[in-house]
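Here the structure comes first, spelled out in structure tokens, and everything after it is commentary.
Every read-out reported here was derived from the displayed coordinates using simple, explicitly stated rules and does not represent laboratory data. Note that the coordinates shown come from a computational prediction; the quantities given were computed from them, not determined experimentally. With ideal geometry, Cβ positions are generated from the backbone for all residues, glycine too; neighbour counts draw on all protein chains shown.
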Amino acid sequence: MAGHGGDALWDGGSCHRVLLAAGHSLDAAGLTGPAVTWWRELAAGSHRLLGPGHPDTVQAGALLADALLAAGQATEAVTWFQWVLAGRADVLGPDDPGTLTARLRLAGACLAAGKTRDTIAQCKRVLAGRERALGADHPDTLAARARLAAAYDAAGQMSAALQLHQQACAGYERVFGGDHLDTLARRADLAHAYHAAGQAGEAVTLLRDTITRSEQALSPGDPLTQALRQALAGITGEMTAR
């Protein structure tokens, strides 16, 4: 750790904030290679000086995992996210928000690594944990349900994806109302799922209604409204060409 100022920056029994600031500056600059090296050395130093279960060591491991993912090294990132998750769960418990956030980060790394089955498994556990801790209609639970639907999308399991998108959309409408930005986004996801499942007519009907809502709630020129129009044009173009 000579490049980090030696062990003097750990004398207080924790990682000095200057070490974290230096690593964050590399992340912010997009220097993914040097960032991976920095966080790897910091994680090793924290493990040696503070111990594997110290919160600063777990934090360093999480930052290394993030850097690896940003550098396109998803497979190794998965390993580190798994390690971080185990540490969070041991200290905080399986349904603590910190543990569930770590599990979501692992799910994202699994998806980037092409491990869609593992992505679905982790997203299922996040959804179950949030339902237990927060209830079915809490915003974080709704977001977890939408995330699981997207995981099924990525795996090409469109029947399960469609069912979850329907549930997610209904939940957002119930909690936020039909014209909320997040609801409109979930309706767009549901339309995509209808299309992918071979139900183009349902997708067109939903998109037309959602475009009207988006124009009224946002504006005709809003990026979401424009994206909805493009999706509608693409699907209707396919239907016309058949």
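The table that follows gives values for the structure above.
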{"item": "Between 0 and 90°, nearest 10: helix 181-196 axis offset from the chain longest Cα axis", "result": "70 degrees"}
{"item": "Neighbour-limited loop hits for chymotrypsin sites (Phe, Trp or Tyr not before Pro), segment 167-242 (at most 11 other Cβ within 10 Å; DSSP other than H, G, I, E, B)", "result": "none"}
{"item": "Table column - 3J(HN,Hα) (Hz), segment 54-65, Karplus curve with 6.51, -1.76, 1.60, x for Gly and Pro", "result": "5, x, 5, 5, 5, 4, 4, x, 5, 5, 5, 4"}
{"item": "Between segment 68-128 and segment 209-242, the alpha-carbon center distance in angstrom", "result": "34 Å"}
{"item": "Calculated FRET efficiency for the pair A136/T205, C-beta based, R₀ 25 Å, to 0.05", "result": "0.40"}
{"item": "Rel. contact order, % - alpha carbon contacts under 8 angstrom, at least six apart, the chain", "result": "9 percent"}
{"item": "Crossing angle, helix 74-92 versus the chain [Cα axis fit, 0-90 degrees, rounded to tens]", "result": "80 degrees"}
{"item": "Principal-axis tilt of helix 139-154 within the chain, Cα atoms, nearest 10 degrees", "result": "80 degrees"}
{"item": "Pairwise Cα inverse-distance average, inverted: Kirkwood Rh of segment 140-242 (Å)", "result": "13.6 Å"}
{"item": "Structure-based [θ]222 nm, the chain - -39500 (n - 2.57) summed over DSSP H runs of at least 4, per residue, nearest 500", "result": "-26000 deg cm²/dmol"}
